[in-house]
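Visitor: Here's a structure for you.
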Amino acid sequence: MKTYNTVKIEKEGGITWVILNRPEKRNCMSPELHFEMVDVLIELESDPETRVLILTGEGESWCAGQDLKAFFRELDGKPAERRRAEWATHEWRWRHLLTFPVPTIAMVNGYCFGGGFTQLVACDIAIAAEEATFGLSEINFGIFPGGIVSRVIADAMSYRDALYYSLTGDTFDGKQAAEMRLVNYAVPLDKLRDETVKLANKLIDKNPAALRATKEVFKTCRNMDYTHAEEYIGAKLVALRATDPEKGRDEGIKQFIDDKTYRPGLESYQRKE
Ligand code: ACO
């Protein structure tokens, strides 16, 4: 794996840790970080060792949003450079992370501000430290949640919470983020890594083709009408059955109906790896 200036990659037991690595700048996102992240995700998308991706931040911050100096002020008056940086920020966080082929977990270890909400929502699952601090702070410096933050908070926050927090700029902690369902759950910071690894290992035990299809189908059909969704889901089920290398559907039914070795309501079938 290549090395990068602003991102660290660590791999262990099927888990790939993608760590935003500008702790001295609270992991705010510079154009360089965006370009590097495009490359990181393209590399990892076809990496057989990556069974689950965990996105986190080095130090006390998850991501302090866009870099107000390098991404905003320094690109003023440079339309082509701004366009390139805007392409990259959208490309990695929305195009690649949203549709990443294996499950993705946002492990929010500290500050999560502004533009950081985009990758938070793009990840499939989010776990926060109770002590983490979230904020839609844009209003505090005279703008509003840009990029696609105003759109993604409509997916992941209630109407009331999204408007309240984007209008006031008030912060909230990890416990509150879990109560409002912006993250799945919050745990004390000293347990965050262990709990996240536990979840990642649970996912690693599942059928990879079924995991991929599950997230693709859910994310794609959310905006379809019922007729299109039924047709699309039906086609994806046929495609999964035809292409799953471990033939999970047939194997699972065999182990339940014939072998009587497990109950699919309560656990996964035994995979042969
Ligand atoms: N853009 C540019 N620089 C930043 C950012 C940012 N978003 N966040 C932190 N930094 C820099 C600071 O300027 C400082 O740099 P310096 O050491 O060269 O002076 C360094 O990171 C450390 O920041 P401090 O403010 O000293 O750290 P502290 O731990 O006290 O506070 C906090 C951290 C709360 C994250 C604070 O830095 C902050 O409020 N940052 C802005 C967060 C924000 O509003 N993000 C939304 C950006 S807009 C968008 O995303 C669309």
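Visitor: Looking only at the range 142-161, count how many residues are part of a helix (DSSP H, G or I) and either within 15 Å of the ligand (Cβ to nearest atom) or touching a residue at least 24 places away in the same chain (Cβ under 8 Å) (or both).
Guide: Our first condition is that a residue be part of a helix (DSSP H, G or I); within the range 142-161, this holds for 149-156, 159-161.
Right, trim to either within 15 Å of the ligand (Cβ to nearest atom) or touching a residue at least 24 places away in the same chain (Cβ under 8 Å) (or both) and you get 149-153, 155-156.
Final tally of qualifying residues: 7.
Visitor: Residues that are in contact (Cβ under 8 Å) with a residue 24 or more places away in the chain and within 11 Å of the ligand (Cβ to nearest atom), at least 3 per element: which strands (runs of 3 or more DSSP E) completely within the range 1-85 meet that?
Guide: 61-63
Visitor: Suppose we keep only residues that are away from the ligand (no atom under 11 Å from the Cβ) and assigned to a loop (DSSP other than H, G, I, E, B) within the range 120-141. Which one would you say is nearest to Leu167 (Cα to Cα)?
Guide: Ranking the candidates gives Ala132 first.
Visitor: If I filter the range 125-158 down to residues being β-branched (Val, Ile, Thr) and in contact with a Leu (Cβ under 9 Å, 6 or more places away or on another chain), which single residue comes out as surrounded by the fewest Cβ atoms within 10 Å (Cβ to Cβ)? Outline the logic, then answer.
Guide: Initially, the range 125-158 is screened for residues β-branched (Val, Ile, Thr), giving 125, 127, 133, 139, 143, 148-149, 152-153.
Checking which are in contact with a Leu (Cβ under 9 Å, 6 or more places away or on another chain) leaves us with 125, 127, 139, 149, 152-153.
Numbers: Ile125: 19, Ile127: 27, Ile139: 16, Val149: 23, Val152: 21, Ile153: 23.
Out of the qualifying residues, it is Ile139.
Visitor: Take the conditions surrounded by 22 or more Cβ atoms within 10 Å (Cβ to Cβ), assigned to a strand (DSSP E or B) and within 16 Å of the ligand (Cβ to nearest atom) and apply them to Phe117. Does it pass? If you could, list the steps in order and put the result at the bottom.
Guide: Numbers: surrounded by 22 or more Cβ atoms within 10 Å (Cβ to Cβ): yes; assigned to a strand (DSSP E or B): no; within 16 Å of the ligand (Cβ to nearest atom): yes.
Considered against the rule, which asks whether it is surrounded by 22 or more Cβ atoms within 10 Å (Cβ to Cβ), assigned to a strand (DSSP E or B) and within 16 Å of the ligand (Cβ to nearest atom), Phe117 comes out as no.
Visitor: Could you count how many residues in the range 235-272 are farther than 18 Å from Lys215 by Cβ, small (Gly, Ala, Ser) and outside any loop (DSSP other than H, G, I, E, B)?
Guide: 2
Visitor: Moving to a separate point now. Considering (1) over 22 Å from Pro31 (Cα atoms); (2) crowded, with 24+ Cβ neighbours inside 10 Å, say which one Val108 fails and leave the rest.
Guide: (1)
Each reported figure results from applying straightforward, stated rules to the coordinates on display, with no laboratory input. Everything numeric in this text was worked out from a predicted model, so none of it was measured. Note that we place each Cβ from the backbone using ideal geometry, even for glycine, and neighbour counts take in every protein chain shown.
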